[in-house]
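Below are the structure tokens for one structure; questions will follow.
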Amino acid sequence: MANTTSAKKATRKIARRTAINKARRSRVRSFVRKVEEAIASGDATQAADALRAAQPELMRAATKGVLHSNTASRKVSRLASRVKAMSA
């Protein structure tokens, strides 16, 4: 348990940041899931639209520090290749 005033403040800040990061991570997962569901349904246009919506969310999570930038890039790349394979 935190004893000093500064340590108590730090725990409050950490709790606030954790809540924000959890929300961001959940939002990213929702967008990625929408792309994967569209791919599974076989609708190429819906999958492309979902990918266009998911890409900025993934990159925003990377800039905010929720995801590593390489992780976000990898996810975008793999989703894009799967969407492209549908249309071909």
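Step through the table entries Lys34/Lys64; Lys22/Lys64; Lys64/Lys84, compare each Cα-Cα distance with 19 Å, and write down the pairs that go over it.
Pairs exceeding 19 Å: Lys34/Lys64; Lys64/Lys84.
Between Leu67 and residues 5 or more places away or on another chain, which pairs have amide H atoms under 5 Å apart, with H built 1.01 Å from N, and which residues are they?
Amide H neighbours of Leu67, under 5 Å, 5+ apart: Ala62.
Ordered by residue, what ³J(HN,Hα) values in Hz, to whole numbers, does the range 13-25 give under the Karplus form 6.51 cos²θ - 1.76 cosθ + 1.60, where θ = phi - 60° and Gly and Pro are x?
Taking θ as phi minus 60°, the curve returns 5, 4, 4, 5, 5, 4, 5, 5, 5, 4, 5, 5, 4 Hz for the range 13-25.
Can you pull the Kirkwood radius for the range 5-87, inverse mean 1/r over Cα pairs, to one decimal in Å? Intermediate results must be reported in sequence, preceding the final value.
Details: mean 1/r = 0.0724 Å⁻¹.
Computed over Cα pairs of the range 5-87, the Kirkwood hydrodynamic radius comes out at 13.8 Å.
Continuing with this model, one more query. Calculated from DSSP H runs of 4 or more alone, at -39500 (n - 2.57) each and per residue, what is the 222 nm mean residue ellipticity of the chain, nearest 500?
-31000 deg cm²/dmol
Give me the extension gain from Ser81 to Met59: residue separation times 0.36 nm, minus the current Cα-Cα distance, reported in nm with one decimal.
6.2 nm
Let me ask something else about it. Report, in debye and to the nearest 20, how large the dipole of the chain comes out about its Cα centre when Lys and Arg carry +1 and Asp and Glu carry -1 on their Cβ.
Working: 21 positive and 5 negative charges, 153 e Å.
Result for the chain is approximately 740 debye, rounded to the nearest 20.
Any idea what the relative contact order of the range 35-88 is, in percent, if you count C-alpha pairs under 8 Å spaced at least 6 apart?
Values: 39 pairs, mean separation 21.5, N = 54.
Dividing the mean separation by the residue count of the range 35-88 yields 40 percent.
Could I ask something else about it? Along the range 4-9, what does the Karplus equation 6.51 cos²θ - 1.76 cosθ + 1.60 (θ = phi - 60°) give for ³J(HN,Hα), rounded to whole Hz, x for Gly and Pro?
With coefficients 6.51, -1.76 and 1.60, one gets 7, 4, 5, 5, 5, 5 Hz.
Since every read-out is calculated from the coordinates, none of them should be taken as a lab result. This is a predicted model, so every value here is computed, not measured. Neighbour counts are summed over all protein chains in view; Cβ atoms, including those assigned to glycine, are modelled from backbone coordinates with ideal geometry.
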